[in-house]
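Contents: one structure, followed by commentary.
The values are calculated or read from the model by the stated rules, or taken from the named source; none is laboratory data. Predicted model only: the values in this text are computed from it and were never measured. Cβ coordinates were reconstructed from backbone atoms using ideal geometry, including for glycine residues, and neighbour counts include every protein chain displayed. With ligands, DNA and RNA removed, areas are computed over all heavy atoms of the protein, side chains included. Shrake-Rupley method; radii C 1.70, N 1.55, O 1.52, S 1.80 Å.
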Amino acid sequence: KPQNACFLDFAAAVTDALRQLGHDFFPRSAGRSIVFGADSKTRLAPDAIIYNAEQLAGADEPKKLLADTSPSRIIWDYAKTNIVCLQALGFGRHVLCPVGYVSSMTTIKPAVSEDIDVLFYGWINERRAEILKALEKAGLNVVSLFGVYGTQRDAVIARSKIVLNLHFY
């Protein structure tokens, strides 16, 4: 799905980290799939692992963010708060896999000029919009991106003094 392009860098980092730990990924038929960006409409192999990167805690219907609501599905998750949510939803096979640093992901070359004070990339909801508008009102040059990935996004990151990580909820 085009909207799942936001998970490509995340999946590459996890893949690299697992390789550094001695796990191989090919041939694909020899092992399990790890699926990023799976929602309730995604069809999965019975033994596929979901790596959830959504913020479940605070979502109106967190089960809609997951591809399979079966208690036997293995779910890896980045956040302790999501693990608590998964437990409350009855998922028994979950693993906390927090996001960390993998050196292969250091790919952005510094720009000649940092002309952007604050960069935010992601889906804009009312809460995020209010915060970004307040930063602009304070006189900062704020840039928002949505649907921009890879080298295009990285070029804007390189020009930014601050990249704002602002949770949806």
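Here are the numbers for the structure shown:
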{"item": "Segment residue 130-residue 18, length gained on full extension (0.36 nm per residue, minus Cα span)", "result": "36.5 nm"}
{"item": "Inter-site label distance for residue 45 and residue 104 at 7 Å from Cα along Cβ, in nm", "result": "2.0"}
{"item": "Net charge, residue 134 excluded, C-beta distance under 12 Å - Lys, Arg +1, Asp, Glu -1", "result": "+2"}
{"item": "Amide hydrogen neighbours beyond the local backbone of residue 34, cut-off 5 Å, H modeled", "result": "49"}
{"item": "14 Å Cα cut-off, lysine pairs counted over the chain (separation 8 or more, or different chains)", "result": "4"}
{"item": "Heavy-atom accessible area ranking, 1.4 Å probe, most first, across 123, 76", "result": "123, 76"}
{"item": "Whole-Hz couplings from phi, Karplus 6.51/-1.76/1.60, listed for segment 84-95; x for Gly and Pro", "result": "4, 5, 4, 4, 5, 7, x, 7, x, 10, 10, 9"}
{"item": "Helical mean residue ellipticity (222 nm; -39500 (n - 2.57) per DSSP H run of 4+; nearest 500) of the chain", "result": "-7500 deg cm²/dmol"}
{"item": "Solvent-accessible ranking of 94, 23, largest area first, probe 1.4 Å", "result": "23, 94"}
{"item": "Rounded if a/c under 1.5, otherwise prolate or oblate - the chain, Cα gyration tensor axes", "result": "oblate"}
{"item": "Ranked order, 78, 101 - accessible area, probe 1.4 Å, largest first", "result": "101, 78"}
{"item": "Phi to ³J(HN,Hα) by Karplus 6.51 cos²θ - 1.76 cosθ + 1.60 over segment 110-116, Hz, x for Gly, Pro", "result": "x, 7, 5, 10, 9, 8, 10"}
